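The structure under discussion is supplied below as structure tokens; questions concerning it will follow.
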Amino acid sequence: MSKIAITIDGERLWVKAGISVAAALSMTSQPHCRLSVSGQPRTPFCGMGVCQECRVSIDGVRRLACQTLCRADMHITRSDNG
């Protein structure tokens, strides 16, 4: 599989084409998707989009990281809170 470049919170990351955004986030030094309203890091829980814990902003649109595949030049931003 070829590798593609994505950006997570301003940092460039090379990942295998076809992996989920949740998987890409797990390869970073801060594998969380968002912070809860109390400031606790939240990570994907169910892996199928039901729990909504993996909410991130992808190219300016709120999406579920576990249900979104990485594509070249994608810009991902973790949510600051719930």
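Any residue in the range 1-13 that's exposed (fewer than 13 other Cβ atoms within 10 Å of the Cβ): show its pairings with residues that are acidic (D, E) and at pLDDT 95 or above at Cβ separation under 8 Å, as long as the two are six or more apart or on different chains.
Hits for this filter: A5/D73.
Of everything in the range 20-37, what is crowded, with 17+ Cβ neighbours inside 10 Å and part of a loop (DSSP other than H, G, I, E, B)? Give them in sequence order.
Passing the criteria: H32, C33.
Restricting the range 50-69 to residues that are assigned to a loop (DSSP other than H, G, I, E, B) and touching a Ser or Thr at 6+ places or on another chain (Cβ under 7 Å), which is farthest from R12 (Cα to Cα)?
Selected residue: E53.
Only residues that are closer than 18 Å to D59 by Cβ and among the hydrophobic types (A, V, I, L, M, F, W, C): list them for the range 1-13, please.
Across the range 1-13, the qualifying residues are I4, A5, I6, I8, L13.
Tell me, which residue of the range 70-82 that is in contact (Cβ under 8 Å) with a residue 60 or more places away in the chain and part of a strand (DSSP E or B) is most open to solvent (accessible area, probe 1.4 Å)?
Step one: filter the range 70-82 for residues in contact (Cβ under 8 Å) with a residue 60 or more places away in the chain, giving 70-78.
Subsequent filtering for residues that are part of a strand (DSSP E or B) retains 75-78.
On the way: H75: 98, I76: 3, T77: 67, R78: 27 Å².
Top of the filtered list is H75.
The values are calculated or read from the model by the stated rules, or taken from the named source; none is laboratory data. Note that the structure is a prediction, hence the values are computed from the model and not measured. All Cβ positions, glycine included, derive from the backbone under ideal geometry; neighbour counts span all protein chains shown. For the accessible areas, the whole protein counts, side chains as well, though only heavy atoms, and no ligand, DNA or RNA atoms are used. Shrake-Rupley method; radii C 1.70, N 1.55, O 1.52, S 1.80 Å.
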